[in-house]
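The values are calculated or read from the model by the stated rules, or taken from the named source; none is laboratory data. This structure is a prediction, so every number in the text was calculated from the model and none was measured. Every residue, glycine among them, receives a Cβ derived from its backbone with ideal geometry; neighbour counts consider all protein chains shown.
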């Protein structure tokens, strides 16, 4: 698409928007044509092989279309970006306020990408390449870079951790021991990585006006750091790790610390006053606090999330971003907010209509999504066992072959639990993983192994997994009977 654009008009620069549009196009074409059937003499190009062919031709077509319509759009974007850049502190203030206000919908990513990757341009002196966006300009050496990033550091490094301290100090004494660990974790996450949603969702819906104050303070930090000619940048967010990585390109970076200490005092006093004055039910101050969270294993946590989301049959798609589970449910009203929060969720968001659901869980979002995806096939089959399901015919396994598999798994005394997963895998829990013989398992037809947690393994076997489970179960029962 970009090559077509350059042929039509070399001045066109869609930036990251070209990548987003290309990705959406490729995804739509994959869903449409991945199973396409072609005539026999073209069968080689059918199915998924057809997708890159269709994508290539469609990209050329899109290049022609955007070559005609993009120049005026690009002029508008450049003018708006230039207006914000030339507005100085006021432009930074506006960006900071809307950056926080849009978090509730997730639309802040659009604003961020425009500011960090499109607004403004700079010629990299080392390569001669023209780079656009506040983030790329900063790391290319633009002394004006960082206008839309620097103000995040006082808020994320100092302000929100101080808000956590205020919420902790206002927690009833009998709950401080438990809540202290939670608030410390949230504060450290903000301080080290700049991930703030776990804190923000703790008060966003309880006290919208307090969140508005937080948004205004963020905008004020952006304006103040710009006014003081402080320039810092990040590759991910405004945490201490990113500050250290980008410090070499900074201008007056040391000034962030006095500004940050001032922000810590302001945030603490504002949150402390509002919590006391308006009796806000921040975490730990609920009238009927949920029971203390128990430590759950990976399998238990996945099963608990599936149950809280309305069961495996209610899950259509499971995804995640940095801090949220992003789900499509058959009926999102079946999801239990109280159960999800008892599992550690900071908030549950139901954007728009339909079955979309977002669960704010913090930096563990991607791991939890993986656990749910791995566990849901088992749970789904258990819930729809009464429905007719076309399963592959079960392969009979001889006692001799089953004994070989059992030996490769470490013997009867090593095998604690065994389940057939997704029709093609055995999920086994063993006493000692060192007793497993991977060469012997692969010699018997194992296609791969993956360690899940502790001594829990997924053993990929193929279509005979169900038959092997039956054979191994029978063999184990026979050995028990013989021992008796």
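Each residue in segment 358-408 was checked for being more than 17 Å from residue 344 (Cα to Cα), assigned to a loop (DSSP other than H, G, I, E, B) and modelled with pLDDT of 80 or more, and 2 pass. How many of the residues making up segment 136-151 are in contact (Cβ under 8 Å) with a residue 60 or more places away in the chain, within 24 Å of the chain's Cα centre (by Cα) and surrounded by fewer than 24 Cβ atoms within 10 Å (Cβ to Cβ)? The number of residues fulfilling the criteria is 0.
Can you name every residue in segment 13-45 that is assigned to a loop (DSSP other than H, G, I, E, B) and either surrounded by fewer than 17 Cβ atoms within 10 Å (Cβ to Cβ) or without any contact (Cβ under 8 Å) to a residue 24 or more places away in the chain (or both)?
To start, the set of residues in segment 13-45 that are assigned to a loop (DSSP other than H, G, I, E, B) comprises 13-15, 34-39.
Passing the criteria: 34, 35, 36, 37, 38, 39.
If you go through segment 223-279 and pick out every residue that is in a loop (DSSP other than H, G, I, E, B), out of contact with any helix residue (DSSP H, G or I) (no Cβ under 6 Å at 6 or more places or on another chain), touching a residue at least 12 places away in the same chain (Cβ under 8 Å) and under 25 Å from residue 167 (Cβ atoms), you end up with 1.
Can you find a residue in segment 62-69 that is buried (at least 19 other Cβ atoms within 10 Å of the Cβ), under 30 Å from residue 324 (Cβ atoms) and in contact with a helix residue (DSSP H, G or I) (Cβ under 6 Å, 6 or more places away or on another chain)? Among the residues of segment 62-69, not one is buried (at least 19 other Cβ atoms within 10 Å of the Cβ), under 30 Å from residue 324 (Cβ atoms) and in contact with a helix residue (DSSP H, G or I) (Cβ under 6 Å, 6 or more places away or on another chain), which makes the answer no. Filtering 220, 227 for residues that are surrounded by fewer than 18 Cβ atoms within 10 Å (Cβ to Cβ) and modelled with pLDDT of 95 or more leaves a single hit, 227.
The rows are residues; the columns are (1) in a loop (DSSP other than H, G, I, E, B); (2) loosely packed, with under 13 Cβ neighbours inside 10 Å; (3) at pLDDT 85 or above.
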site: 282; (1), (2), (3): yes, no, yes
site: 290; (1), (2), (3): yes, yes, no
site: 294; (1), (2), (3): yes, yes, no
site: 303; (1), (2), (3): no, no, yes
site: 313; (1), (2), (3): no, no, no
site: 319; (1), (2), (3): no, no, yes
site: 322; (1), (2), (3): yes, no, no
site: 339; (1), (2), (3): no, no, yes
site: 353; (1), (2), (3): yes, yes, no
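Tell me, please, whether a residue that is free of Cβ contacts under 8 Å to residues at least 40 places away in the same chain, farther than 30 Å from residue 215 by Cα and exposed (fewer than 12 other Cβ atoms within 10 Å of the Cβ) can be found in segment 74-81. Scanning segment 74-81, I find no residue that is free of Cβ contacts under 8 Å to residues at least 40 places away in the same chain, farther than 30 Å from residue 215 by Cα and exposed (fewer than 12 other Cβ atoms within 10 Å of the Cβ), so the answer is no. With respect to residue 187, is the statement that it is buried (at least 18 other Cβ atoms within 10 Å of the Cβ) and either in contact with a strand residue (DSSP E or B) (Cβ under 7 Å, 6 or more places away or on another chain) or closer than 27 Å to residue 75 by Cα (or both) true? Taking the combined requirement at face value, the residue does not satisfy it.
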